[in-house]
Amino acid sequence: MMLKKTVRKIVIWTLGGVIGLITAGYLSFLAMMVITENSLMEDAPFHASIDYRSRKPHELTLIDEGARSLAARLKIIREATSQLDLEFFIYELDATSRIVTQALAAKAREGVKVRILVDFSLAVFKLAPAYAHMLQESGVQVKYYNTASVMRFFRVQHRTHRKILLGDRNVAIIGGRNIADDYFDLSHHYNFLDSDLLIRGPVVAAMQESFDLYWNSTWALNPADSGWERDTPVISDFLSPSEQDAEVHEAIARVEADMTTHTCNDLHFVTDYPGSGVNYRKVFPAIAAELELAKTEVIAESPYFVLRGDGAAMIRALTGRGVRLNILTNSLKSTDAYYTVAPLLSSLKGLVQENFTLHTYSGAIPAAYASIPNRSDRWGVHSKRGVIDESTIMIGTYNIDPRSANLNSELMVVCRGNRDLALQMKNNILARMKQSHLLLDGTNSPDVDNLIGDAPWKSVIAMIIAIPVSSMFDFLL
């Protein structure tokens, strides 16, 4: 009996200590946030490129298939004659990145100005200084965004989450895809269902200026100044074609050249200003303004669905005035981030309301991709886009989560008034919803099984463990 009491006390004291440490750390962090935020509340410097609207004609092409998107990128690189600029959150060291990088290096050797700006988030960072040096020898300039040490906890949370490829200041691709196999339907383990927009028109000049703004900011450093101290074994064939690249070329060869191009006569580009601080974030207010104009329906897709007070209030305001809101996000099985499912699970009861429907992707290979050989059997949605009243589209890098709203630099393009483009995007989202499960539907109780489904037990355990921590630190998700 005494032994049981002793064990019970040890367990209680241990749990209490863990909870106490988490709470103390949380309160300390909040205190640090308050102190630090005082220095970040000044108005962001104004620059015309961060909020640009044009009523001149623009050519827009929606690209939903990964291989087609990769082919479009390589075409822009191949046809460039003066300048190529790329900015990405993730730049992997795999077959896709080798093909892209080899094409960039070849253009640089031809005299084309080539610049790559990649985020330095250590959780995903791969393009180490050894590779940057190799690229610089070929004429490609490389910079890292925000090389702050993890010890600077608040500063290091700010990342550039923007994804953009610019060619000759007259063509651009923006959207959710980074440079890696799993964004272009080429991974054998896990692939993202994503979406990009190919753009030609006056707005590209503003996008170019926004890239220059980030490139020339104090947040962008040369690799030699990054503080990177690890020894990095270099992939010897990174800048040379190899047999491993054949699969990428085969995937591109299967892509049909023709894509539907639309004309947009009312286009809006908005991006966040480089740097930390709520006042530097411009994309979230722009999205809120668009949603205020919705009259009947909003259909949207986001890989993560993490709401705090302002996001939940926006949904209530939207559905409360009779607008139907239909959202597709990931299930625990289809997500690449189990810790984002934890806060969603905790918030489900508070999301039950009229006019609001939430679907979770099943994780299955898309029906249209079933004939593609050697693909993974696990897929997840990664597009960041929405359609309002079948006439306005929004697409970019913004996830429905606090990190995109308050911490990351994001970008977004809005096209108003082209119903054909809006219906193309809506129908693609609906096709993905057909391979999804209904989690919330109006005032009915949420079907939790459709959030967790047949996810691996390891993911279920990890999500359960993450629930208390994610609830306290949801602003970092």
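The values are calculated or read from the model by the stated rules, or taken from the named source; none is laboratory data. No experiment lies behind these values; they were computed from the predicted model shown. Because the Cβ atoms are built from the backbone with ideal geometry, glycine has one as well, and the counts that use them run over all protein chains shown.
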* To do: Name the residue, out of S376, S391, S371, S346, that is at pLDDT 95 or above and hydroxyl-bearing (S, T, Y).
  => S391
* To do: Scan the range 317-340 residue by residue and report those that are touching a Phe, Trp or Tyr at 6+ places or on another chain (Cβ under 9 Å), more than 17 Å from S436 (Cα to Cα) and either aromatic (F, W, Y) or surrounded by fewer than 21 Cβ atoms within 10 Å (Cβ to Cβ) (or both).
  => L318, T319, R324, A337
* Asked: Among the residues of the range 246-266, is there at least one that is hydrophobic (A, V, I, L, M, F, W, C), surrounded by 14 or more Cβ atoms within 10 Å (Cβ to Cβ) and farther than 20 Å from A180 by Cβ?
  -> yes
* Looking only at the range 235-245, and only at residues there that are part of a helix (DSSP H, G or I) and acidic (D, E), the one that is surrounded by the fewest Cβ atoms within 10 Å (Cβ to Cβ) -> E243
* Just give me the residues in the range 81-98 being buried (at least 21 other Cβ atoms within 10 Å of the Cβ) and farther than 20 Å from D119 by Cβ, in sequence order. => A95
* To do: Could you tell me which numbered condition P303 fails, if it satisfies all but one of (1) of a type outside the set (V, I, T); (2) touching a helix residue (DSSP H, G or I) at 6+ places or on another chain (Cβ under 7 Å); (3) not in a helix (DSSP H, G or I)?
  => (2)
* To do: Those residues that are small (G, A, S), touching a helix residue (DSSP H, G or I) at 6+ places or on another chain (Cβ under 7 Å) and outside any loop (DSSP other than H, G, I, E, B), I need them from the range 138-175; list them, please.
  => G167, A172
* Any idea which residue in the range 114-123 is farthest from F211 (Cα to Cα), counting only those that are surrounded by 15 or more Cβ atoms within 10 Å (Cβ to Cβ) and of a type outside the set (V, I, T)? -> S121
* **Test: R308 is of a type in the set (K, R) and either more than 30 Å from D454 (Cβ to Cβ) or modelled with pLDDT under 95 (or both)** => yes
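For every residue, the table says whether it meets (1) farther than 18 Å from L193 by Cβ; (2) touching a residue at least 40 places away in the same chain (Cβ under 8 Å); (3) in contact with a strand residue (DSSP E or B) (Cβ under 9 Å, 6 or more places away or on another chain).
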position	(1), (2), (3)
T397	no, yes, yes
R432	no, yes, yes
D447	yes, no, yes
S459	yes, yes, no
A462	yes, yes, no
L477	yes, yes, no
* Asked: List the pairs whose first member sits in the range 105-118 and is outside the structural domain of F211 (by TED's automatic domain parsing) and on the phi > 0 side of the Ramachandran plot, whose second member is buried (at least 20 other Cβ atoms within 10 Å of the Cβ) and in a helix (DSSP H, G or I), and whose Cβ atoms are under 9 Å apart, counting only residues at least 6 apart or on separate chains?
  -> none
* Of (1) assigned to a helix (DSSP H, G or I); (2) touching a helix residue (DSSP H, G or I) at 6+ places or on another chain (Cβ under 6 Å), R316 satisfies all except one. Which? -> (2)
* Structure fact -> The correct count of residues that are of a type outside the set (D, E) and either touching a Cys at 6+ places or on another chain (Cβ under 9 Å) or under 27 Å from Y183 (Cα atoms) (or both) in the range 276-324 is 15
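Residue-wise test of (1) part of a helix (DSSP H, G or I); (2) modelled with pLDDT under 95.
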residue	(1), (2)
K4	yes, yes
V7	yes, yes
I12	yes, yes
V18	yes, yes
L21	yes, yes
A24	yes, yes
A44	no, yes
D85	no, no
L104	yes, no
